[in-house]
Amino acid sequence: MALLDQSFFHYSLLAYYLLGLPTFIALRFFQFPYGKHNRLGWGPTIPPPLAWFIMESPSILLPLILFPLGQHFTNPKALVLMSPYLLHYFHRTFIYPLRIYQSTSQQNTKTTIGFPLILAFNGFLTQALNTYIQARWVSHYKSDYDSDGGLFWWKFFGGLVVFLWGMRINMWADTALLVLKRESGGYKVPRGGWFELVTCPNYFGEIVEWLGWAVMTWSWAGFGFFLYTCSNLVPRACANHKWYLQKFGEDYPKNRKAVIPFLV
């Protein structure tokens, strides 16, 4: 049974790495039809707050199931290490959908664009795969909690600083976009702060977060999450950047990058 579990974990991790390049290539030519890229023909839709809750819910549910099954369940270091991941996804699963609901209910427009159910289901599966890998690694397969010569805390606090910095950027940008859309009733050119450098500081912040997570976990699991985040968010940010340029033309700042300040 232990061998079967180990094989399943390793093949899941391998599959996660193999998903990165096809995801990056696909998103360079195709954008999921929601938000500013919304288009018809993708089946039934659900309210965006519900879609976000469905997509992100495995990140809260699976650790509750997997941690008691892990050999490090009672190790305080494992619990501490998992806490930033749970902090991020508690916000994404519960707080962020409520903020979307509140924002859309206060918009000047009377219609809300639905979120395709098939995309919510796809997001649910992807999040389930990722959370299984991260939670299983932290709770069971990480083997150096007590044999790393004290490096655990250096890696944890170093990565945590990066993680919290990225989370702050991500949450600030999300708030700015929600407020702008609520007040204008649609899409406008975001200005101020990180928006002066990149079109998608919310994506940049999330990339920084999972770079911090990779440092904290110091593992192929954490690094795989960081790489997949880049393969997912970088092409989406480039598509959003192109959309803003096409929609606003000369009114959109030409010196902004898409997602990485001064680079991309």
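The values are calculated or read from the model by the stated rules, or taken from the named source; none is laboratory data. Since the structure is predicted, the reported quantities are computational estimates derived from the model, not experimental observations. Note that each Cβ is placed from the backbone with ideal geometry, even for glycine, and that neighbours are counted across all protein chains shown. What goes into the accessible areas is simple: the full protein's heavy atoms, side chains included, and nothing from ligands, DNA or RNA. Shrake-Rupley method; radii C 1.70, N 1.55, O 1.52, S 1.80 Å.
K257: which lysines have alpha carbons under 24 Å from its alpha carbon, excluding same-chain residues fewer than 8 sequence positions away?
By straight Cα distance, K257 reaches K36, K181, K188, K242, K247.
For segment 85-212, compute Rh as the Kirkwood radius over C-alpha pairs and then the Stokes-Einstein diffusion coefficient at 37 °C and 0.692 mPa s; write the answer in µm²/s, rounded to an integer.
Taking Rh from Cα pairs, D becomes 192 µm²/s.
If one computes P(r) from the Cα atoms of the chain, what percent of pairs lie at distances over 30 Å?
30 percent
What residues qualify as long-range amide H neighbours of T45, i.e. H under 5 Å apart, gap of 5 or more or another chain, H built at 1.01 Å from N?
L117
Write down the Kirkwood hydrodynamic radius of segment 11-144, to one decimal in angstroms, obtained as one divided by the mean of 1/r over all alpha carbon pairs.
16.7 Å
What does the highest-first list of 140-150, 42-52, 224-234 look like by mean Cβ count within 10 Å? Provide the component values of the computation, followed by the final result.
Numbers: 140-150: 12.8, 42-52: 16.8, 224-234: 20.7.
Descending mean neighbour count gives 224-234, 42-52, 140-150.
Quick one: how many Å² of W153 are accessible to a 1.4 Å probe, rounded to 10?
100 Å²
Please list 161-171, 61-71 highest first by mean number of surrounding beta-carbon atoms within 10 Å per residue.
Numbers: 161-171: 18.3, 61-71: 15.4.
Highest mean packing first, the order is 161-171, 61-71.
Using the alpha carbon gyration tensor of segment 167-264, what are the three equivalent-ellipsoid semi-axes (square root of 5 times each eigenvalue), largest first, in whole Å?
Whole-Å semi-axes of the equivalent ellipsoid: 27, 14, 11.
Could you let me know the centre-to-centre spacing of segment 25-66 and segment 92-165, using Cα atoms, in angstrom?
Each part's Cα centre sits 13 Å from the other's.
Taking the convex hull of the Cα atoms, report for segment 53-132 its projected area averaged over all directions, in nm².
Working: hull surface 24.0 nm².
For segment 53-132, averaging the hull's shadow over all directions gives 6.0 nm².
Output the 0 to 90 degree angle, nearest 10, between the alpha-carbon long axis of helix 117-136 and the longest principal axis computed from the alpha carbons of the chain.
On a 0 to 90 degree scale, this one is about 30.
Starting at the first residue of segment 206-216, write each ³J(HN,Hα) from the Karplus equation 6.51 cos²θ - 1.76 cosθ + 1.60 with θ = phi - 60°, in whole Hz, x for Gly and Pro.
5, 4, 5, 3, 7, 5, x, 4, 4, 5, 4
What list of ³J(HN,Hα) couplings, whole Hz, do you get for segment 170-181 from phi and the Karplus terms 6.51, -1.76, 1.60, once you set θ to phi - 60° and write x for glycine and proline?
Once rounded to whole Hz, the list reads 4, 5, 4, 5, 4, 4, 4, 5, 5, 5, 4, 5.
Check which residues have an amide H placed less than 5 Å from W218's amide H, if you skip close sequence neighbours.
Hits under the 5 Å cutoff: none.
Hey, got the Cα dimensions of segment 1-63 along the principal axes, in Å, largest first?
46, 29, 17
May I ask you to derive the relative contact order of the chain, considering only C-alpha pairs under 8 Å and at least 6 residues apart, and to give it as an integer percent?
Numbers: 337 pairs, mean separation 65.0, N = 264.
Here the relative contact order equals 25 percent.
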